[in-house]
Amino acid sequence: MPAPQTPCRIVLLDERGKDLSSEQLAEILERWRDDGIRECRFMLGAADGHEKEARGEADLLLAFGKATWPHLLARAMLAEQLYRATTIIAGHPYHRSG
């Protein structure tokens, strides 16, 4: 008998995605958490981005603007946004709020 699957959300970093504020991303992650989602997978695409099929299956397409970013920089930016989202969800004051 196969093990039950853990609910997971897939987020593709893609130039065609939504350009969300830190607070908007925090709201999405908080809603997923409250809905019982324990895992979120963030995927960086190759030089030409993600395949159309993968984009269609993703729970969220996330963009960091229209510029092209090297993978290492995109990873650092993602880490920063996840840190910000975590602190916003925890109720720490956010200097850009309001």
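Things to note:
- Filtered residue count, region 60-87, keeping only those that are of a type in the set (Lys, Arg), over 14 Å from residue 11 (Cα atoms) and surrounded by 11 or more Cβ atoms within 10 Å (Cβ to Cβ): 1
- Output for region 48-98, where each listed residue is of a type in the set (Asp, Glu) and in contact with a strand residue (DSSP E or B) (Cβ under 9 Å, 6 or more places away or on another chain): 57, 59
- Residues of region 25-59 classified as in a helix (DSSP H, G or I), in contact with a Lys or Arg (Cβ under 8 Å, 6 or more places away or on another chain) and surrounded by fewer than 15 Cβ atoms within 10 Å (Cβ to Cβ), total: 0
- Any hit, region 8-24, residues being touching a strand residue (DSSP E or B) at 6+ places or on another chain (Cβ under 7 Å), under 29 Å from residue 95 (Cβ atoms) and without any contact (Cβ under 8 Å) to a residue 40 or more places away in the chain: no
- Some residue of region 60-77 being β-branched (Val, Ile, Thr), outside any helix (DSSP H, G or I) and either in contact (Cβ under 8 Å) with a residue 12 or more places away in the chain or within 19 Å of residue 24 (Cα to Cα) (or both): yes
- Residue 9 modelled with pLDDT of 95 or more, part of a strand (DSSP E or B), basic (Lys, Arg) and touching an Asp or Glu at 6+ places or on another chain (Cβ under 7 Å): yes
- Residues in region 7-21 that are more than 11 Å from the chain's Cα centre (by Cα) and among the charged types (D, E, K, R): 15, 16.
The values are calculated or read from the model by the stated rules, or taken from the named source; none is laboratory data. The shown structure was predicted, so the numbers you read here are calculated from the model rather than taken from an experiment. Ideal geometry is used to build each Cβ from the backbone, glycine not excepted, and the neighbour counts take in all protein chains shown.
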